[in-house]
Amino acid sequence: MSSRQEEKAARRAEREAREAAEQAKAQRTRRLQMAAGAVLAVAAVAAVVVAIAGGGGDDGGGDSGDAKEASAEVAIPARKVTDLDQAAKAAGCVVRSFESEGRQHQEDAFTDYKTNPPTSGTHHPVPAEDGVYDPGSEPAVNNWVHSLEHGRIIYQYRPGTPKRRIQQIETLVNEEYRGSPGYHVLAMQNSTKMPYAVAAVAWTRFLGCEKFTDASFDAMRAFRDRFVDKGPEFIP
């Protein structure tokens, strides 16, 4: 009996350590993303100051051009369409809804999801944190499905997506929304071999785009507008 109790205690300690490590990793990723956003904001302000100080001369014009080129790497189109159905149609995307597959918690890996990307079902007790994840550092499916339960929106892109498009998704995440950038949204590389180039996922719903084009951004914005905080469990 003593041996079995010790084994159970060891497994519990290992699980708690793993969960703590997962949360710490997610928090570090988000802090880095927020720091990067702050650096870009400071750089943008500095570029404006330099342009004004240059008074339109040759040197000032050169600095202004460099700043525009740098920001253009992550710039995304201004919003034109706000209706989800219209935006999805313009981007060649589909919006689909599904029955809930349940909300059970399970610490062991679970892969029996009926949609791709998954939209509900058995998941890990620890949800993935809000924020942007670098390719290869994305949380496990079971963790981010739990995030969907909390009303989060998750932007996902296919492995091999060009770096510029990934940076644009980061820009989309950092748009001001409900008073703050990054409000209740995650962005990551997809790991379920979804049949879409880019997707937005909510609890029991997803937007799937076979091609990742500039029009995809309005579709993803509109999807977020309609379904953010609509999970069965609201967590601020």
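The values are calculated or read from the model by the stated rules, or taken from the named source; none is laboratory data. From a predicted model like this one, the values you see are computed outputs, not experimental measurements. For neighbour counting, all protein chains shown are included, and Cβ atoms are generated from backbone atoms with ideal geometry for every residue, glycine included. The accessibility values were calculated without ligands, DNA or RNA, using every heavy atom of the protein model including side chains. Shrake-Rupley method; radii C 1.70, N 1.55, O 1.52, S 1.80 Å.
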* **Potential lengthening between residue 234 and residue 192 on full extension [0.36 nm per residue; Cα-Cα distance subtracted]** => 12.6 nm
* Hey, what's the stretch 105-236 come to in accessible area per residue, 1.4 Å probe, Å²? -> 39 Å²
* Asked: Along the stretch 171-184, what does the Karplus equation 6.51 cos²θ - 1.76 cosθ + 1.60 (θ = phi - 60°) give for ³J(HN,Hα), rounded to whole Hz, x for Gly and Pro?
  -> 4, 4, 4, 7, 4, 4, 8, 6, x, 7, x, x, 5, 6
* Structure fact -> Protection proxy (average C-beta count within 10 Å per residue), highest first, orders 147-156, 183-192, 161-170 as 147-156, 183-192, 161-170
* Could you calculate, for the stretch 72-171, the ratio of the Cα radius of gyration to the Kirkwood radius, expressed as Rg to Rh? => 1.00
* Normalised contact order of the stretch 91-222, rounded percent, pairs of Cα under 8 Å and 6 or more residues apart -> 32 percent
* **Solvent-accessible area, 1.4 Å probe, carbon plus sulfur percent, for the stretch 125-236** => 51 percent
* Asked: Of the peptides 124-133, 227-236, how do they stack up when ordered by the mean number of other Cβ atoms within 10 Å, highest first?
  -> 124-133, 227-236
* Length added when fully stretched, residue 214-residue 137, from 0.36 nm per residue minus Cα-Cα -> 25.2 nm
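For the stretch 90-185, with only Lys/Arg (+1) and Asp/Glu (-1) charged at the beta-carbon, what is the dipole magnitude about the Cα centre, in debye rounded to 20?
On the way: 9 positive and 13 negative charges, 93 e Å.
With Lys and Arg at +1 and Asp and Glu at -1, about 440 debye.
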